[in-house]
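Engineer: Below is a structure I'd like to ask you about.
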Amino acid sequence: MGSEHVLGPRMTGRYVNKECQHIKCNPKGVAKVAELIYKAITKDDFGRKIWQKSDLNPRGLSEQESINWIFLVDTLNFSFWPDEGAVKFGVKDSSGNLQTGYWSLCAAINRAANVGIPVTDADFMATATKEQIETIFRSDTGGEIPLLEERVKAVNEAGRVIRDKFFGSFAVCVQRANKDVDKLLELIVDNFESYRDVCEYKGRAVSFLKRAQILVSDIWTCMDAKGLGEFHNIDNITMFADYRVPQSLVAFNVLQYSDELKNILKGKQSMEPGELEGRKGYFIF
């Protein structure tokens, strides 16, 4: 992934778990959640079918069109938290239901596509202006989408790269990976700066690769592990360093925070190492 000295997500998890001071793992909590997940899988309440059932995910598109839609969505899949006291960003879907968080992103992109805006076209993405992106992500609640300028930058970069290196389609990037998850992650991280989720922790270069791994997983899920969605080593990806997951695992007593970290979180203070530990500590299992 650009450098042999950067720890991949799985090794990063192990390293952070060994070095972290503010988070501990509770084996009893792990066993309890593992049992809950197992039961959900056996009842078909968890897995690829759930993702495929959502009307907000790709419907009636070709394989290439679906992959380009997923690529755009995951390029923008970050930071939906409003500032303190601000109105939360939300978009109504085609059925008139208000969507927030990640689903508001999907609803906005679908809304734009339905009125003829070529949102997944590489040339459009490469040259889209702030005003155009702002129009696509206009809110139905009065709340603005966070980090608009960062999203414009990410879309422009993604469009330029797939236009100049991958013949205008992210599906070509997937093809070049030849069903190898590790190769696809390498292609993503090496070519798209906004996916390069790497930082330093206690003297080591470590990586989250949250959205890069989500991108691979979404393609695998949408394609039902067939065609360009087939990967012979899909188990090489880890859980994703999201924000809701560690919150849930604390609630299930899988992760236990130090009093110092809990006070930082309750006080809504900015942090660096604690935030890293919080995002990485949960997928080492």
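Engineer: Non-local amide H neighbours of A205 (under 5 Å, H modeled in plane, Pro and chain starts lacking H): which ones?
Structural biologist: Long-range HN contacts for A205: L7.
Engineer: How large is the helix-only mean residue ellipticity at 222 nm for the chain, computed as the sum of -39500 (n - 2.57) over DSSP H runs with n ≥ 4, divided by its residue count, in deg cm²/dmol to the nearest 500? Write out the running numbers ahead of the final one.
Structural biologist: Working: 14 runs with 145 residues, N = 285.
It lands at -15000 deg cm²/dmol.
Engineer: How large is ³J(HN,Hα) for each residue in region 53-60, as worked out from phi by the Karplus curve 6.51 cos²θ - 1.76 cosθ + 1.60 (θ = phi - 60°), to whole Hz, x for Gly and Pro?
Structural biologist: 6, 5, 5, 7, 7, x, 9, x
Engineer: Obtain the nm distance between the two label points defined at D190 and D45 by a simple spin-label model: each point lies 7 Å from its Cα along the Cα-to-C-beta direction.
Structural biologist: My value for the distance between the label points is 4.3 nm.
Engineer: Let me ask something else. For region 34-86, place one equal point scatterer on every Cα, skip the solvent, and apply the Debye formula. What is log10 of I(q)/I(0) at q = 0.17, 0.19, 0.26, 0.28 Å⁻¹?
Structural biologist: -0.79, -0.85, -0.96, -1.02
Engineer: Let me check something: with ligands and nucleic acids excluded, how do M239, M125 order by accessible area (1.4 Å probe), largest to smallest?
Structural biologist: Values: M239 90, M125 0 Å².
The ordering from most to least exposed comes out as M239, M125.
Engineer: Tell me the volume per residue, in Å³, of the convex hull enclosing the alpha carbons of region 69-164. Let's see the in-between values first.
Structural biologist: Working: hull volume 8.0 nm³, N = 96.
Cα-based convex hull of region 69-164, divided per residue, equals 84 Å³.
Engineer: Also: Over region 142-196, what relative contact order in percent results from Cα pairs under 8 Å that are six or more residues apart? The partial results should precede the final answer.
Structural biologist: Working: 24 pairs, mean separation 14.5, N = 55.
Computed value for region 142-196: 26 percent relative contact order.
Engineer: Once the Cβ-Cβ distance between Q52 and T129 is put in as r, and R0 is 45 Å, what FRET efficiency do you end up with, to the nearest 0.05? Spell out each step's value before the answer.
Structural biologist: Values: r = 34 Å, r/R0 = 0.76.
After rounding, the FRET efficiency stands at 0.85.
Engineer: While we're here: Once fully extended, how much extra length lies between A34 and K266, figured as 0.36 nm per residue of separation less the alpha-carbon to alpha-carbon distance?
Structural biologist: On the way: separation 232, 0.36 × 232 = 83.52 nm, distance 2.79 nm.
Fully extending the segment from A34 to K266 adds 80.7 nm.
Engineer: Same structure, new question: Say each of E230 and D182 gets a label point 7 Å from the Cα, pointing the same way as Cα to Cβ; how far apart are those two points in nm?
Structural biologist: 2.1 nm
Engineer: On a C-alpha basis, how far is the centre of region 97-120 from the centre of region 194-242 in Å? Whole number, if you could?
Structural biologist: 23 Å
Engineer: Another question, if that's okay. Among K39/K92; K32/K53; K28/K226, which pairs are too far apart, with a Cα-Cα distance over 29 Å? Before the final figure, lay out each step's value.
Structural biologist: Details: K39/K92 33 Å; K32/K53 27 Å; K28/K226 37 Å.
With Cα atoms farther than 29 Å apart: K39/K92; K28/K226.
Engineer: Quick check on region 9-59: take the gyration tensor over C-alpha atoms, sort the square-rooted eigenvalues as a ≥ b ≥ c, and tell me if it's rounded (a/c under 1.5), prolate or oblate. Present the calculation step by step, with values, prior to reporting the outcome.
Structural biologist: Details: a/c = 3.78, a/b = 1.77, b/c = 2.13.
Taking the square roots of the gyration eigenvalues as a ≥ b ≥ c, region 9-59 is oblate.
Engineer: Related question: Pick from Y201, Y38, Y15 the residue whose mean-square fluctuation is largest in a GNM of the chain, springs joining Cα atoms under 10 Å.
Structural biologist: Of Y201, Y38, Y15, the most mobile in the Gaussian network model is Y38.
Engineer: With contacts defined as alpha carbon pairs under 8 Å and 6 or more residues apart, what's the relative contact order of region 156-235 in percent? Could you put the intermediate results ahead of the total?
Structural biologist: Working: 77 pairs, mean separation 21.8, N = 80.
About 27 percent, as a whole number.
Engineer: Taking only Cα atoms, what is the 0 to 90° angle, nearest 10, from helix 181-191's long axis to the longest principal axis of the chain?
Structural biologist: 70 degrees
Engineer: Would you look at the GNM of the chain, springs on alpha carbons closer than 10 Å, and say which of A154, A86, A112 moves the most?
Structural biologist: Comparing A154, A86, A112 in the GNM, the peak value goes to A86.
Engineer: In a Gaussian network model over the chain where Cα atoms closer than 10 Å are linked, find which of E134, E260, E65 has the largest mean-square fluctuation.
Structural biologist: E260
Engineer: Continuing with the same structure: At a Förster distance of 35 Å, what's the computed FRET efficiency of K24 paired with S94, Cβ-Cβ distance as r, to 0.05? Provide the component values of the computation, followed by the final result.
Structural biologist: On the way: r = 45 Å, r/R0 = 1.30.
The pair K24/S94 has a calculated efficiency of 0.15.
Engineer: Could you estimate the translational diffusion coefficient of the chain from the Stokes-Einstein equation, with Rh from the Kirkwood formula over C-alpha pairs, at 20 °C and 1.002 mPa s, in whole µm²/s?
Structural biologist: Numbers: Rh = 20.1 Å.
Stokes-Einstein gives a translational diffusion coefficient of 106 µm²/s.
Engineer: Starting from the alpha-carbon convex hull of region 221-264, give the projected area averaged over all orientations, in nm².
Structural biologist: Values: hull surface 18.7 nm².
Orientation-averaged projected area of the Cα hull: 4.7 nm².
The values are calculated or read from the model by the stated rules, or taken from the named source; none is laboratory data. Source: prediction; values computed, not measured. Here the Cβ is made from the backbone with ideal geometry for all residues, glycine too, and neighbour counts use every protein chain on show. Please note that ligands, DNA and RNA were not included when accessible areas were found on the heavy atoms of the full protein model with its side chains. Shrake-Rupley method; radii C 1.70, N 1.55, O 1.52, S 1.80 Å.
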